[in-house]
Amino acid sequence: MMREQSFSLRRVGAMTLRYSYLLRSSYPRMLEMMYWPLVQMLTWGFLQAYLIGRPGGLAGADATAIGAGSLIGAVLLWDILLRGQQGFSFSFLEELWARNIPNLFMSPLRPTEFVVSMMTMSLMRLVVGMVPVTLLAIWFFGFNLWALGLAFGAFFAILILFAWSVGLFVAGLLLRYGLGAENLVWSLMFVIQPLGCVYYPVAVLPAWVQPISWALPPTYVFEGLRSVLIDHALRADLMAMGLALDAVLFALAWWSFSRLLESAREAGSLLQTGE
Amino acid sequence: MASSTPALRVTGLSKSYGATVAVHPSSFALPAGSVTGLLGGNGAGKTTTIGMIMGLIAPTAGSIEIFGRDFLKDRYSALGRMNFESPYVDMPHRLTVRQNLAVFARLYGVADVEAKIAGLAESLALTEFLDRPSGKLSAGQKTRVALAKALINDPELLLLDEPTASLDPDTADWVRSRLEDHRLRRNCTILLASHNMAEVERLCDRVLMLKAGRLVDDAAPAELLARYGRTNLEEVFLDVARGRAGAAS
């Protein structure tokens, strides 16, 4: 008898193939993946142009930061975070909507393989949705996210790891509590927006909120972005802290997912998934 | 050498949800190549029992051995050799039949995916539907697709939860014939939960009767008819469901 491998790229490939079939089956959905990031980019880009261009406008550090693209840069990075998590969660929701969970969990597919396939799809969805928008940002507003080079690589790594941690935690809740938890997929990340200081420095927050903000990896990215744009310096300390927090949060998310999966088996809810 | 290890052995298997006992401690073993019916009314514990054997529901107590190995400790050594079908579990509607089968073939490590799909499509009369979205099929066609998925890895243990529910008699009979074919070709062990007594009489060489989560009888269909003094399993089922004298008398 052939021994089953404990982790199989073939099975990850099978799941990625399944999600890519879904993606290709609906061009309106593919366009929608670009639509919201584009709307956001245009809105904040024009606001930035207005703030810079109005008579007697911004001065000092605000002018420097916004003139360098801190608003449009932040909105693009925010969309990487938001769409990264939603891309992960959307793949999982597809299984619940299709009542396919029992088929998957009684197949040889391991939970790790399932999770890796959702991470892969999250990246593919980002490529489809975000790459064109970042290129349009160069054309419309002269802001080139790619020109941030190594800094962009670090920002992306921190944001996507956090996005996957949130996605994994929500997936566990969906397994355990079913589609009653679906709203979390669309809303949970928005709690991060004010606390993660996407558009303003942490110093703006009340003193008692600041420790909460610094406990979130995205805060280090948005502070780091402002540092790169204003001081032209990549703060390695911020990036290291962001990645370290990510590692802790991802481990916690994985533990929660595993516990919620076991709890779903205890409660018999894996057989009752779907609408 | 023929193996005497049962394909499936459950010992003292039970499931409780809080104070509610869904399945009382039950023990049975299925020899390789046998077809066993799991009979009982609504809420008798059939789906819970099958769910535990599939690894989707954690038992409260007891053990499950599949192909001689402890399934609760090492489910993945068995899952590639099993499969299941139920009308209450679906496949992604927007994928075509071919795409759905291709995904499951790869999950189960089927060697020649295209040839396997073509063979199954031919034997289950699905060839003309292969490139149609699964959501646009009739109930009978969907059942055939679900059966194709259940047979994609040539399972040695097949779990079926009311496989012919909501099918017309002709389609249901056709599905039973395909299951008999598969059993004979592959020496497959089948555990079949059903409300359809004619189906159980035709397919099963043994019947486990469940009532309110308890295994109340376990015998070949002919033995059950003799024991309850009945001419068909439907009457036996009613005797058990209504608590009339039978096995105990």
How many residues does the range A:197-216 contain that are touching a residue at least 40 places away in the same chain (Cβ under 8 Å) and surrounded by 18 or more Cβ atoms within 10 Å (Cβ to Cβ)?
2
Out of curiosity, is A:Val115 in contact (Cβ under 8 Å) with a residue 60 or more places away in the chain, in a helix (DSSP H, G or I), open to solvent by less than 30 Å² (accessible area, probe 1.4 Å) and among the β-branched types (Val, Ile, Thr)?
yes
Checking the condition within 28 Å of A:Gly153 (Cα to Cα), out of contact with any helix residue (DSSP H, G or I) (no Cβ under 8 Å at 6 or more places or on another chain) and among the small types (Gly, Ala, Ser), which residue from A:Ala233, A:Ala253, A:Ala244, A:Ala215 passes?
A:Ala244
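Yes/no per residue for (1) assigned to a strand (DSSP E or B); (2) among the β-branched types (Val, Ile, Thr); (3) at pLDDT below 90; (4) open to solvent by 30 Å² or more (accessible area, probe 1.4 Å):
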{"site": "B:Ser166", "(1), (2), (3), (4)": "no, no, yes, yes"}
{"site": "B:Val175", "(1), (2), (3), (4)": "no, yes, yes, no"}
{"site": "B:His182", "(1), (2), (3), (4)": "no, no, yes, no"}
{"site": "B:Arg185", "(1), (2), (3), (4)": "no, no, yes, yes"}
{"site": "B:Ala193", "(1), (2), (3), (4)": "yes, no, no, no"}
{"site": "B:Ala198", "(1), (2), (3), (4)": "no, no, yes, yes"}
{"site": "B:Glu201", "(1), (2), (3), (4)": "no, no, yes, yes"}
Looking across the range A:237-265 at residues that are within 29 Å of A:Ile66 (Cα to Cα) and open to solvent by 70 Å² or more (accessible area, probe 1.4 Å), the single one that is farthest from the chain's Cα centre (by Cα) is A:Asp237
Assuming A:Glu94 fulfils every condition listed in (1) within 29 Å of B:Val145 (Cα to Cα); (2) buried (at least 22 other Cβ atoms within 10 Å of the Cβ) apart from one, which condition is it?
(2)
Which condition breaks for B:Val97 when tested against (1) closer than 20 Å to A:Pro102 by Cα; (2) within 11 Å of another protein chain (Cβ to nearest Cβ)?
(2)
Residue list for the range B:9-21, restricted to those being open to solvent by less than 20 Å² (accessible area, probe 1.4 Å) and of a type in the set (Gly, Ala, Ser)
B:Ser14
Which of the residues spanning the range A:222-275 are within 10 Å of another protein chain (Cβ to nearest Cβ) and either aromatic (Phe, Trp, Tyr) or in a helix (DSSP H, G or I) (or both)?
A:Glu262, A:Ser263, A:Ala264, A:Arg265, A:Glu266, A:Ala267, A:Ser269, A:Leu270, A:Leu271, A:Gln272
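Any idea which residue in the range A:12-43 is nearest to the other protein chains (Cβ to nearest Cβ), counting only those that are closer than 22 Å to A:Trp139 by Cα and surrounded by fewer than 17 Cβ atoms within 10 Å (Cβ to Cβ)?
Residue satisfying both the conditions and the ranking: A:Met30.
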Of the conditions (1) buried (at least 23 other Cβ atoms within 10 Å of the Cβ); (2) in a helix (DSSP H, G or I); (3) at the interface with chain A (Cβ under 7 Å from one of its Cβ atoms), B:Arg106 clears all except one; give me its number.
(1)
Specify the residue that is farthest from the other protein chains (Cβ to nearest Cβ); the eligible residues are those in the range A:2-11 that are open to solvent by 80 Å² or more (accessible area, probe 1.4 Å) and in a helix (DSSP H, G or I).
A:Leu9
Only one residue in A:Ala137, A:Ala151, A:Ala147 is more than 11 Å from chain B (Cβ to nearest Cβ) and either open to solvent by 10 Å² or more (accessible area, probe 1.4 Å) or not in a helix (DSSP H, G or I) (or both). Which one?
A:Ala147
Return only the number of the condition from (1) touching a Lys or Arg at 6+ places or on another chain (Cβ under 6 Å); (2) assigned to a loop (DSSP other than H, G, I, E, B); (3) away from every other protein chain (no Cβ under 14 Å) that A:Leu109 does not satisfy.
(3)
Residue by residue through the range B:136-160, note down the ones that are assigned to a helix (DSSP H, G or I), open to solvent by 10 Å² or more (accessible area, probe 1.4 Å) and among the charged types (D, E, K, R).
B:Lys136, B:Lys142, B:Arg144
Filter the range B:66-94 down to residues that are open to solvent by 30 Å² or more (accessible area, probe 1.4 Å) and of a type in the set (A, V, I, L, M, F, W, C) and give me whichever is nearest to the other protein chains (Cβ to nearest Cβ).
B:Phe67
Sort through B:Gly62, B:Gly37, B:Gly43 and tell me the only one that's more than 10 Å from chain A (Cβ to nearest Cβ) and part of a loop (DSSP other than H, G, I, E, B).
B:Gly43
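The values are calculated or read from the model by the stated rules, or taken from the named source; none is laboratory data. If you're wondering where the values come from, they're calculated on a predicted model, not measured in any experiment. Cβ coordinates were reconstructed from backbone atoms using ideal geometry, including for glycine residues, and neighbour counts include every protein chain displayed. Note: areas computed on protein heavy atoms with side chains; ligands, DNA, RNA excluded. Shrake-Rupley method; radii C 1.70, N 1.55, O 1.52, S 1.80 Å.
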